[in-house]
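The values are calculated or read from the model by the stated rules, or taken from the named source; none is laboratory data. The structure presented is a predicted model; accordingly, all values stated were derived computationally and were not measured. Neighbour counts are summed over all protein chains in view; Cβ atoms, including those assigned to glycine, are modelled from backbone coordinates with ideal geometry.
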Ligand code: THU
């Protein structure tokens, strides 16, 4: 598997494009496909607030829209004004989107600027809903 440090570096780079004038909270994500490609994403806010798209979902929707359906891992970083000083754990909606396309062993890699934590999707969204 691609080095998690490389995936985190791509998430940090993606965070630079965050459009977050309302919260000032920048988030970046880098999604690794089983075939080895990386799709990045940032959060995209809106004056009407609720249309806001998280970085994780931006990455997933870019990838799925390009025909990718199989994923290995996602790295996520974020912080106020782009200062990465704590772990940015995916919201519930993003966890549900991950569940749509990923298996239980899909890895979610978080970085607080110093240390890395990794969880399986099963750990972050147990007993999830699917049809
Ligand atoms: N946000 C993400 O992009 N990903 C997360 O996992 C948590 C929250 C964004 C949404 C919003 O633009 C900002 O962070 C503050 O909630």
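Do we have any residue at all in the stretch 100-111 that's at pLDDT 95 or above, closer than 20 Å to residue 26 by Cβ, loosely packed, with under 14 Cβ neighbours inside 10 Å and more than 10 Å from the ligand (Cβ to nearest atom)?
No, that holds for no residue.
Go through the stretch 1-47 and count every residue that is in a loop (DSSP other than H, G, I, E, B), under 24 Å from residue 69 (Cα atoms) and within 16 Å of the ligand (Cβ to nearest atom).
Residues in the stretch 1-47 being in a loop (DSSP other than H, G, I, E, B), under 24 Å from residue 69 (Cα atoms) and within 16 Å of the ligand (Cβ to nearest atom): 1 in total.
Picking from 82, 67, which residue would you name as being touching a residue at least 60 places away in the same chain (Cβ under 8 Å), at positive phi, assigned to a loop (DSSP other than H, G, I, E, B) and surrounded by fewer than 21 Cβ atoms within 10 Å (Cβ to Cβ)?
82
Would it be correct to say that residue 87 is in a strand (DSSP E or B) and either in contact with a strand residue (DSSP E or B) (Cβ under 6 Å, 6 or more places away or on another chain) or without any contact (Cβ under 8 Å) to a residue 12 or more places away in the chain (or both)?
No.
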